[in-house]
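Each remark here refers to the structure printed beneath this line.
The values are calculated or read from the model by the stated rules, or taken from the named source; none is laboratory data. As the structure is a computational prediction, the values presented were derived from the model and not from experiment. With ideal geometry, Cβ positions are generated from the backbone for all residues, glycine too; neighbour counts draw on all protein chains shown.
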Amino acid sequence: MVILDVSVVNVALPSIRRDLGFSAVDLQWIVNAYTLTFAGFLLLGGRAADLLGHRRVFIGGLALFASASLAGALSGDQLTLELARGAQGLGGAVVAPVTLSILTTNFPEGPERRRAMGAWGAMGGAGGAAGVLLGGILTDVFGWQSILLINVPIGLGIAWGALRFIPRGDPTPRAEHHYDALGALVVTAGLIILTYAIVRTDVHGWGSAATLLTGGLGLALLAGFLVIEGRLAPRPLVPLHIFESRTLSAANIVVFFLGAAVFAMWYFVSLYLQQVLGLSPIRAGLAFLPMTFAIIVASTQVGRITQRFGARAVLAFGMATIAVGMALFSDVRPDGSYAVDVLGPGVLTALGLGLSFVPVTVVAMTGVEHGQAGLASGIVNTSRQFGGSLGLAVLATVASQTASGHGRAALTNGFHHAFLLGAAFAVVGAVAAAVGLGKPRAVDVPAPAMTADRP
């Protein structure tokens, strides 16, 4: 549900734009209001889960997510919708790291955890693809408001299931509760301001005083976040020494560029299908079905493939596959067709996503101590969301600035440049995987004493 809500709005974007009067470049804030808040508070959500108990935080995050979804469905103007999407992102930031923490703390390293995380990865990868299908059906039949309203009964149902099936767990003693809310606020503000500076280059230009000052403020806040984490916070959200691990650092670089490439792919393909090829929302959603199946197949098989070839090789190949798919997307034509311009590149990119998403998460979580599971999962998810938000901001701005003129030809020209830059992002991720992860170790076979019921 949480990952789906990043992509579910993509098919509905043209309808939302017509109803609420968004401009072409400001339309991305419907996505980025969610992803930036999501990314900025993921680490705080992971920390809260470790301190207060996984089940309690999970249910609280679901309640916030469902409430914000209801507010978004009832919104009648741009600002209200953006604020509701931001609140959704905050709820998602609480829920997402807990899901991974629950798996990490209940399944030991080895085959049990790989199977559990393979299922988790399949749901996460499929959520991004299924979102566009569900969004198309709901938008066509009930209107774009329904894509948010549906989260209310689903959230309540998941909360009931959590009470019944997730172990209660023991919270950390109250004396040890330090959340570093200042760090979360500073990093979120820095990213929002930096993204705003990038987006407004279509008005001010890249070298203008307004862009440089706004971007400089965003970078200063991000630098301030590092100071807070390294020197000021008694219990920092991100203990900087954790990045002394070459594997963890490389995994987060890879997942950053994974998000930068793939988030934008869903966004631009949805616009191309509707604004250039003229598909209805429901037909555009159905057009993503092959991608959904490709992600599910790759995600469920990638565990066996990784055991045989190692995470480095699989991850580098997956990112390279995404790069090829994005490069093929750059050849979309104003008079193109789904079969020629979308199907092949879409399936190829989706396979690359399925081959990359689980291995990079497993690598980043390997060796994590029980008490830092929320932190580690939060860092991985944060890197992916930051990459997706900043990547979408850059690519949407590039597409807007290179779409000279009006009509389908102008739109397609902008998409061409955005897809090429997205392919470059994926290449950087492939290189980071190949160089940064080092040589793969032998297949990790757990000792006989490690069983599924081990805490």
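For the reader, a short list of remarks on this structure follows.
- Any hit, segment 281-296, residues being outside any helix (DSSP H, G or I), within 23 Å of residue 31 (Cα to Cα), in the same structural domain as residue 414 (by TED's automatic domain parsing) and in contact (Cβ under 8 Å) with a residue 12 or more places away in the chain: yes
- Of all the numbered requirements in (1) at pLDDT below 85; (2) hydrophobic (A, V, I, L, M, F, W, C); (3) exposed (fewer than 14 other Cβ atoms within 10 Å of the Cβ), residue 129 misses one, and that requirement is (3).
- Test: residue in segment 46-65 that is within 24 Å of residue 391 (Cα to Cα) and either touching a helix residue (DSSP H, G or I) at 6+ places or on another chain (Cβ under 7 Å) or buried (at least 24 other Cβ atoms within 10 Å of the Cβ) (or both): yes
- Verdict on residue 101 being within 21 Å of residue 362 (Cα to Cα), of a type in the set (Gly, Ala, Ser) and crowded, with 24+ Cβ neighbours inside 10 Å: yes
- Hey, residue 222 at pLDDT 85 or above, among the hydrophobic types (A, V, I, L, M, F, W, C) and either touching a Cys at 6+ places or on another chain (Cβ under 6 Å) or assigned to a helix (DSSP H, G or I) (or both) or not: yes
- Residues located in segment 312-362, provided they are more than 19 Å from residue 286 (Cβ to Cβ) and not in a helix (DSSP H, G or I): 330, 331, 333, 334, 335
- The numbered conditions (1) over 21 Å from residue 391 (Cβ atoms); (2) surrounded by fewer than 24 Cβ atoms within 10 Å (Cβ to Cβ); (3) modelled with pLDDT of 85 or more are all true for residue 275 except (1).
- Matching helices (runs of 4 or more DSSP H) fully within segment 1-99 where at least 3 residues are without any contact (Cβ under 8 Å) to a residue 40 or more places away in the chain: 54-73
- Looking only at segment 74-83, and only at residues there that are of a type in the set (A, V, I, L, M, F, W, C) and within 14 Å of residue 32 (Cβ to Cβ), the one that is surrounded by the most Cβ atoms within 10 Å (Cβ to Cβ): 81
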